[in-house]
1. In the stretch 62-83, whose amide N lies under 15 Å from the spot 7 Å out along Cα-to-Cβ of residue 90? List them in ranges.
2. Please give, to one decimal in nm, the separation of the simple spin-label points placed at residue 146 and residue 175, each 7 Å out from Cα toward the Cβ.
3. Report, in listed order, any pair from 60/130; 37/188; 130/171; 60/113 with a Cα-Cα distance greater than 24 Å.
4. Given labels modelled 7 Å from the Cα in the Cβ direction, how far is it in nm from residue 153 to residue 7?
5. By per-residue mean of other Cβ atoms within 10 Å, what is the highest-first order of 92-101, 69-78, 142-151, 43-52?
6. Quick one: compute the contact order of the stretch 1-158, relative version, from alpha carbon pairs under 8 angstrom and 6+ residues apart, as a percent.
7. Could you work out the Kirkwood radius for the stretch 1-125, taking every pair of different alpha carbons, averaging 1/r and inverting it, reported in Å?
8. Note the per residue figure in Å³ for the convex hull of the C-alpha positions in the stretch 144-235.
Amino acid sequence: MILHKLIARFRAHGDDAVFYQLQAADALRWLEQHGVKFGQQIHALDLGCGHGVFGAELAKRGCRVTFADEQSSVIPEIGEAPFRTFNIDEDDFQALGQYDLVVCSNVLEHLRKPERFIGSVHQILTSGGKLYLSWTNWLSPWGGHEFSPFHYLGARRGHLLYDRVTGRKRKHHPFQNLFPTYIGTTLKMVARNKKLQVLRVAPRYYTECAFLMSIPGLREFLAWNCALLIGRRPN
């Protein structure tokens, strides 16, 4: 369980590079535990990479990593790594090529068209390739991001009450750059793509409690962040 470490780090330093390094290292531990291989033979894509911290951790494990996002804001130490300018909601996935491992961390809730992404993502996976998909589901304690827990008052009202009560500026605006997402709905999207199969599902920050994800409804509230390991079915 890593949730308590993340909360402590966030309170002390905000969401700095170390905060995301903790997330990435723990996610890679979970992936390795479930048979995902790392090393020079693995061509990986950090999709929606942000500062590229997750991909940088993959590179430390020997993977050949490409980074992709709408614009480059990667940390200096990976500034020379391959980077592709890519809009997940709009651009053609085939233009990215194919990868043995794709990681898409804390991105899904910011997509206008998550169904388009999940319906197309097999195109960038090699036969038998793996996708690590994690995101903050809307009904989790952090579903509204910085205006949590006001998001429980609804996606159209909660943030406005937050503004009135706190007077703080927000980075996230519902239906602009933050969209309600649900575990059950996302699993159904994956199931509709016959090229994909869910291999593992767990609450990202306490993967030891994976059994919670078998309880529809309740899992939406108990999973702080949902992690899926998805495989492309062999050709």
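1. 69-72
2. In this crude spin-label approximation the distance works out to 2.2 nm.
3. On the way: 60/130 19 Å; 37/188 27 Å; 130/171 31 Å; 60/113 32 Å.
Among 60/130; 37/188; 130/171; 60/113, the Cα-Cα distance tops 24 Å for 37/188; 130/171; 60/113.
4. Those two pseudo-labels are separated by 2.3 nm.
5. Values: 92-101: 16.2, 69-78: 14.0, 142-151: 19.3, 43-52: 24.3.
Highest-to-lowest ranking by the protection proxy: 43-52, 142-151, 92-101, 69-78.
6. Numbers: 235 pairs, mean separation 25.6, N = 158.
Relative contact order of the stretch 1-158: 16 percent.
7. Numbers: mean 1/r = 0.0660 Å⁻¹.
For the stretch 1-125, inverting the mean 1/r across all distinct Cα pairs yields 15.2 Å.
8. On the way: hull volume 11.1 nm³, N = 92.
That works out to 120 Å³ per residue.
No value in this document is a laboratory result; all are computed from the given coordinates. These numbers come from a predicted model, not from an experiment. Glycine gets a Cβ as well: all are built from the backbone with ideal geometry, and neighbour counts include every protein chain shown.
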